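Following: one structure in structure tokens, then a few remarks.
The values are calculated or read from the model by the stated rules, or taken from the named source; none is laboratory data. Because the structure is predicted, anything quoted here is derived from the model rather than measured. Heads up, the Cβs are rebuilt from the backbone with ideal geometry, glycines too, and the neighbour counts pull from every protein chain shown. Each accessible area value is taken on the protein alone, full model and side chains, heavy atoms only, with ligands, DNA and RNA left out. Shrake-Rupley method; radii C 1.70, N 1.55, O 1.52, S 1.80 Å.
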Amino acid sequence: VDVVALHPLGIPTAAEAGAVEGKRVLAATVAGDHHAADALVLPDTALHTAGILEELEAAVGKPVLTANQVTFWCGLALAGRLRPQDGLGTCFRRPAPPTLVERACGARPSTTPPPAAAPSPPRSSKR
């Protein structure tokens, strides 16, 4: 991985990062784009980006990877539960080859099928 540019937001605390609005995240993503970059990384877990990932990627025309998105992707991949999905960015739209999961997440994906879901207890009509 080669880092071709950095564009810090200058936000000193997670509390302040969590208050950043989507339009500011979008503007910072566009400002931080570099023609030589294959993807952009937004590493702050406090930024609320899940709902705007598609918008971020459309604005820069390349994958945008966020800390929470990639952590969730790795967890699902390692558990053998990763399935292509729309709305969560490029990395969720493509199937993940096991070798990529191993390299990206540092472990082999599970080959054990997940356990069947336990039946829900009956709901009581009494309150």
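List the residue pairs whose Cβ atoms are under 7 Å apart, where the first residue sits in the range 50-69 and is within 11 Å of Asp33 (Cβ to Cβ), the second is charged (D, E, K, R) and part of a helix (DSSP H, G or I), and the two are 6 or more positions apart or on different chains.
Qualifying pairs under 7 Å: Val64/Glu57.
With the requirement that a residue be without any contact (Cβ under 8 Å) to a residue 24 or more places away in the chain and open to solvent by 50 Å² or more (accessible area, probe 1.4 Å), what does the range 76-85 give you?
Arg83, Pro84, Gln85
Looking only at residues in the range 26-70 that are more than 25 Å from Ala14 (Cα to Cα), of a type in the set (A, V, I, L, M, F, W, C) and surrounded by fewer than 15 Cβ atoms within 10 Å (Cβ to Cβ), which one is nearest to the chain's Cα centre (by Cα)?
Ranking the qualifying residues of the range 26-70, first place goes to Ala58.
Just one of the numbered conditions (1) touching a Phe, Trp or Tyr at 6+ places or on another chain (Cβ under 7 Å); (2) loosely packed, with under 12 Cβ neighbours inside 10 Å is not true of Trp73; which one?
All conditions are met except number (2).
Restricting attention to helices (runs of 4 or more DSSP H) lying wholly within the range 38-117, give those where 2 or more residues are modelled with pLDDT under 90.
On the way: elements: 53-60, 67-78, 90-93, 98-105.
In the range 38-117, 67-78, 90-93, 98-105 are the helices (runs of 4 or more DSSP H) which contain 2 or more residues that are modelled with pLDDT under 90.
Taking the conditions exactly as written (crowded, with 16+ Cβ neighbours inside 10 Å, closer than 30 Å to Ala107 by Cα and modelled with pLDDT under 85), does Leu9 satisfy them or not?
Numbers: crowded, with 16+ Cβ neighbours inside 10 Å: yes; closer than 30 Å to Ala107 by Cα: no; modelled with pLDDT under 85: yes.
Against the criterion (crowded, with 16+ Cβ neighbours inside 10 Å, closer than 30 Å to Ala107 by Cα and modelled with pLDDT under 85), Leu9 does not qualify.
Give the range 63-87 a look and list any residue that's polar (S, T, N, Q) and under 15 Å from Cys105 (Cα atoms), or say none. Walk me through how you get there before you give the answer.
Taking the range 63-87 as the starting set, the residues that turn out to be polar (S, T, N, Q) are 66, 68-69, 71, 85.
Those that are polar (S, T, N, Q) and under 15 Å from Cys105 (Cα atoms): Thr66, Asn68, Gln69, Thr71.
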